[in-house]
Amino acid sequence: MSLIAASIGLARPVDHSQYGYLSEHHSTGETAQKAGDYAEDMAMEMLATIIVLPDDPTLTWDQREEQWKLSGKIYKTHNFTQSAEGNKDGLWTTVISAAIMIL
C-alpha cells in the first residue's frame, strides 16, 4: 500500500490589512503531517518571495509560538490536508483538498 496526500498551505499575516498566500502540494509516500508541513512552509516561502524578501535572514520559525516572523512581522500558517492509503488491489484512490477565498 502507498500513501497519497493533497494539501493546501496558507500563510497569512497577523495584520489583516496585508495579504497572504496559498500553496498546493500533492505527494505519494508522505504522511498527512509531512505533506501539510511542506505546504505550509512552501506558502510562507512563496509569500516572502512576493514581498521581495526571499533571502531575508529574519525569516524564522518560532517553534514555541508556532508562527513565522519576517522583518519583525508575525505570520501564521495552516494547512488543509487529506491523505489516504492506496487500495492494495490496485483500485483507484483519490484525495481532495480545497480552499475557497471569499473577498
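Nothing in this text is a laboratory measurement; each read-out follows from the coordinates by a stated rule. Remember, predicted model here, so these are calculated numbers, not experimental data. All Cβ positions, glycine included, derive from the backbone under ideal geometry; neighbour counts span all protein chains shown.
Which three semi-axes in whole Å describe the equivalent ellipsoid of the chain, each the square root of 5 times a Cα gyration tensor eigenvalue, listed largest first?
Its equivalent ellipsoid spans semi-axes of 30, 14, 11 Å.
Taking 0.36 nm per residue of separation and subtracting the Cα-Cα distance, what length does fully extending residue 94 through residue 73 add?
That pair, residue 94 and residue 73, stretches by 3.8 nm at full extension.
Given the rule -39500 (n - 2.57) for each run of at least 4 DSSP H residues, summed and divided by the residues of the chain, what is its mean residue ellipticity at 222 nm, to the nearest 500 deg cm²/dmol?
The per-residue figure over the chain is -6500 deg cm²/dmol.
Please find, in a Gaussian network model of the chain (springs between Cα atoms separated by less than 10 Å), the residue of 11, 48, 35 whose mean-square fluctuation is greatest.
48
Report the trypsin sites (Lys or Arg not before Pro) located in segment 64-103 that are in a DSSP loop and have at most 13 other Cβ atoms inside 10 Å of their Cβ, or state none.
64, 88
Order by neighbour count: 78, 25, fewest other Cβ atoms within 10 Å first, most last.
78, 25
Using the alpha-carbon atoms, what tilt in degrees (0 to 90, nearest 10) does helix 32-50 show relative to the longest principal axis of the chain?
For helix 32-50, the angle is close to 40 degrees.
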